[in-house]
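Visitor: The structure that follows is given in the form of structure tokens.
Rule-based calculations on the coordinates, nothing more; no lab input. Nothing here was measured: the structure is a model prediction, and the numbers come from that model. Every residue, glycine among them, receives a Cβ derived from its backbone with ideal geometry; neighbour counts consider all protein chains shown.
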Amino acid sequence: MTTTLTHRPAPDEYAVHYQGYVAAVDTDDIMAYLEQQKTSTLDFLRSIKWEQWDQAYAPDKWTLAELVLHVIDAERIFAYRALRIARGDQTPLPGFDQDHYVPNSGAAFRTPASIVDEWAAVRDASLHLFRNFTDEMWTRRGIAADKEVSVLALAYILAGHTEHHWKIVRERY
């Protein structure tokens, strides 16, 4: 199934606090962006030295491993929200508290290779999910974390959230 959807989400399709994530994705073709982001991210993550993965850039900040696992967790949650809304589920979806997820991620017991492999697997799953949405599914809206959001906006949020964190890694780690 191929979508003909080639436009960005309108500002009323997501909560204002996601504006930075949506703005970080400079394209009307979210699927091509997600595919390209997969390739560039894998190259980027594989280039990071192993000894950097257990380091944080400042006291009380996440280690690189924790940060990447946070990106993985968030991608799963955004994709799950997109699945539920695309399938017509109108049950309001709860928010999530990243500050509870990260310390329970087990990052200190993981190898960088296992984290990179997991990121790739999660992105592949997201791509398979989004690839098979119809144009109608992309435009469906639901409630997540007490705010209305469209499936299209969730794809942009997912991609922009990833970009946001890779920028932090490049600047601070």
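Visitor: Per DSSP helix of 4 or more residues, -39500 (n - 2.57); summed, then divided by the residues of the chain. What does that give at 222 nm, rounded to the nearest 500?
Guide: Calculated mean residue ellipticity at 222 nm is -18000 deg cm²/dmol.
Visitor: Using 7 Å Cα-to-Cβ label points, what is the Asp99/Arg131 separation (nm, one decimal)?
Guide: In this crude label model, Asp99 to Arg131 measures out at 3.9 nm.
Visitor: Still on this model: Taking θ = phi - 60°, what integer Hz values does the Karplus form 6.51 cos²θ - 1.76 cosθ + 1.60 yield along segment 22-37, in sequence order, with x for Gly and Pro?
Guide: Residue by residue, segment 22-37 yields 4, 5, 5, 9, 9, 6, 9, 10, 5, 5, 4, 5, 4, 5, 5, 4 Hz.
Visitor: Label points 7 Å out from Cα along the Cβ direction at Thr6 and Asp54: separation in nm?
Guide: Roughly 4.9 nm, to one decimal.
Visitor: Assuming 0.692 mPa s and 37 °C, estimate D for the chain with Stokes-Einstein, Rh taken as the Kirkwood radius over Cα pairs, in µm²/s.
Guide: Here the translational diffusion coefficient equals 198 µm²/s.
Visitor: How high is the relative contact order of segment 1-105, given as a whole-number percent (alpha carbon pairs under 8 Å, six or more residues apart)?
Guide: 17 percent
Visitor: Can you list the HN-Hα couplings for segment 109-115, worked out from phi with the Karplus curve (6.51, -1.76, 1.60; θ = phi - 60°), rounded to whole Hz and with x for Gly and Pro?
Guide: Whole-Hz 3J(HN,Hα) from phi for segment 109-115: 9, 10, 8, x, 4, 5, 5.
Visitor: With axes computed from alpha carbons, what is the tilt in degrees of helix 151-172 against the longest principal axis of the chain, rounded to the nearest 10 within 0 to 90?
Guide: Its long axis makes an angle of about 20 degrees.
Visitor: Still on this structure, I have one more. For Cα pairs less than 8 Å apart in space and 6+ apart in sequence, what is the mean separation divided by the residue count of segment 24-172, i.e. the relative contact order in percent?
Guide: Relative contact order of segment 24-172: 36 percent.
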